[in-house]
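To start, the structure under review is shown below, and the notes come after it.
The values are calculated or read from the model by the stated rules, or taken from the named source; none is laboratory data. Quick caveat, the model's predicted, so the values are computed rather than measured. Virtual Cβ from ideal backbone geometry, glycine too; neighbours counted across all protein chains shown.
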Amino acid sequence: MTGEKERVPALDPSAEYAAARGEIDAAVARVLASGRYVGGPEIEGLEAEFAAFCGVAHAVAVSTGTDALRFALIAADLKAGAEVITSPFTFIGTTEAIHQAGGRTVFADIVEDTFALDPVKVRAAVTSRTAALMPVHLYGHPADMAAFEPLARERRLIVVEDACQAHGAALGGRMAGALGTAGCFSFYPTKNLGACGEGGMVTTDEAHLAARVRRLRDHGQSEKYRHAEEGYNGRLDAVQAAILRVKLRHLPAWNARRRAIAALYSDRLSRLEQRGLLRLPVERPGARHAWHLYAVRVPPGRPGRRDAVRERLAAQGIETGIHYPVPLHRQPAYEAMRLQEGSFPESERAAREVLTLPMHAHLEDRQAERVTQALGAALEAA
Ligand SMILES: *Cc1c(COP(=O)(O)O)cnc(C)c1O
């Protein structure tokens, strides 16, 4: 059946490069000719532009999203063994950062509709050792930040947003990255704002926190060869910064395109949802979804149904993803936590049901139409 049918990739970073090629090539050439490959005006320019984009006072560029999370926690003075509450339904970078910052992960389950941390479960997980909350804006939908605010105030908790999938998301008119003590972004190539390599950013309104992240990313230097503390080699390089500055200018238009694709998907698939064959992603009132991923749920009519649907789509050349097939508390890396199946039922169910459809700013309407038709046929058959 594959025949001449065009392949539909789930993600397409090279299409993004093609769309801005002239500007990116010029920016890279400018940096290469300048001789300033680490630090310098491209980093400062990107930081100022990204801070303005998020509506925060400070943005500090770092090497990866995982380092952004790690540095934010260390900079917020996380004590050794302090507890950080986060979701088990996320990428492992979230919890790696907690442990690398000296903290302990305490998981709380997610809500059904947005796949983000459940405020009720978070409140129940707070102990006298809790120091921080780390909500994840999964797939680009902001977590329920307003619900965490009273708890954070009451218990003096810091709130670090894992906004690695949420460049351009917003809640109540405030941008992701401006919704907590600090916001952490990844510029991994497939994110809404992606480098041609690795990158990350910490955003905050707090000057001392920004200054400490600046120091941590650069071997703890307060000035050249004066080390206030041991830090890390955690800087972003100037070539990536120059590329990101170009792409940041396109981000609003590219995110608008993602939104249009999400609207097309939801329109064409609503009939299948009415028949109970799948569940569509939501955008809560007051929230702006960044549509990093468009994740549907395929309810398990029988075991393996989601994977059967995925295989049928693959046979049609349509690439889909599963973000994520195993929640973190069931990963071998975290066996020592001894969290059995059943510990976080919503996360476990999400891991069994989610299927992410092709989503990137350069996906064409006709490709998106083909995805919805093929998905309809696959759901009928599976
Ligand atoms: C991508 C991602 C990270 C890690 O970012 P890197 O830049 O790959 O280190 C962390 N958390 C989430 C939710 C992510 O999607």
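Pairs linking a residue in the stretch 197-215 that is closer than 14 Å to Leu46 by Cα to a residue that is acidic (Asp, Glu), with Cβ atoms under 6 Å and 6 or more positions apart or on different chains, are Gly200/Asp67. In the condition set (1) under 27 Å from Tyr294 (Cβ atoms); (2) surrounded by fewer than 20 Cβ atoms within 10 Å (Cβ to Cβ), Arg226 is compliant with all but (1). Restricted to helices (runs of 4 or more DSSP H) entirely inside the stretch 10-115, those with at least 1 residues that are small (Gly, Ala, Ser), more than 15 Å from the ligand (Cβ to nearest atom) and modelled with pLDDT of 95 or more are 13-19, 21-34, 41-54, 65-75.
Taking the numbered list (1) within 14 Å of the ligand (Cβ to nearest atom); (2) buried (at least 20 other Cβ atoms within 10 Å of the Cβ) in turn, Cys196 passes all entries but (2).
If the condition is being modelled with pLDDT of 95 or more and in a loop (DSSP other than H, G, I, E, B), then the stretch 340-382 contributes Gln340, Glu341, Gly342, Ser343, Phe344, Pro358, Met359, His360, Ala361, His362, Leu363, Glu364. Here Gly276 passes the criteria (1) touching a strand residue (DSSP E or B) at 6+ places or on another chain (Cβ under 8 Å); (2) at positive phi except the one numbered (1). For Glu311, the stated conditions hold: it is among the acidic types (Asp, Glu), surrounded by fewer than 16 Cβ atoms within 10 Å (Cβ to Cβ) and assigned by TED's automatic domain parsing to the domain that holds Gly376.
Answer yes or no: is there a residue in the stretch 35-53 that is assigned by TED's automatic domain parsing to the domain that holds Val202, of a type in the set (Ser, Thr, Tyr) and farther than 30 Å from Glu206 by Cβ. Among the residues of the stretch 35-53, not one is assigned by TED's automatic domain parsing to the domain that holds Val202, of a type in the set (Ser, Thr, Tyr) and farther than 30 Å from Glu206 by Cβ, which makes the answer no. In a residue-by-residue description of the stretch 138-149, the property of being more than 29 Å from Val298 (Cα to Cα), surrounded by 18 or more Cβ atoms within 10 Å (Cβ to Cβ) and of a type in the set (A, V, I, L, M, F, W, C) applies to at least one position. The single condition among (1) under 29 Å from Ile92 (Cα atoms); (2) surrounded by 21 or more Cβ atoms within 10 Å (Cβ to Cβ) that Val38 does not meet is (2). A count restricted to the stretch 125-172 and to residues that are of a type in the set (D, E, K, R) and either assigned to a loop (DSSP other than H, G, I, E, B) or within 15 Å of the ligand (Cβ to nearest atom) (or both) stands at 5.
Yes/no matrix, rows are residues, columns are (1) outside the structural domain of Pro119 (by TED's automatic domain parsing); (2) under 15 Å from Ala378 (Cα atoms); (3) of a type in the set (Gly, Ala, Ser):
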site: Ile322; (1), (2), (3): yes, no, no
site: Pro325; (1), (2), (3): yes, no, no
site: Ala336; (1), (2), (3): yes, no, yes
site: Pro345; (1), (2), (3): yes, no, no
site: Ala351; (1), (2), (3): yes, no, yes
site: Leu357; (1), (2), (3): yes, yes, no
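With respect to Pro119, is the statement that it is farther than 18 Å from Thr204 by Cβ, within 14 Å of the ligand (Cβ to nearest atom) and touching an Asp or Glu at 6+ places or on another chain (Cβ under 8 Å) true? Taking the combined requirement at face value, the residue does not satisfy it. Residues that are buried (at least 20 other Cβ atoms within 10 Å of the Cβ), over 19 Å from Leu133 (Cβ atoms) and more than 10 Å from the ligand (Cβ to nearest atom) within the stretch 173-193 comprise Asn192, Leu193, listed in sequence order.
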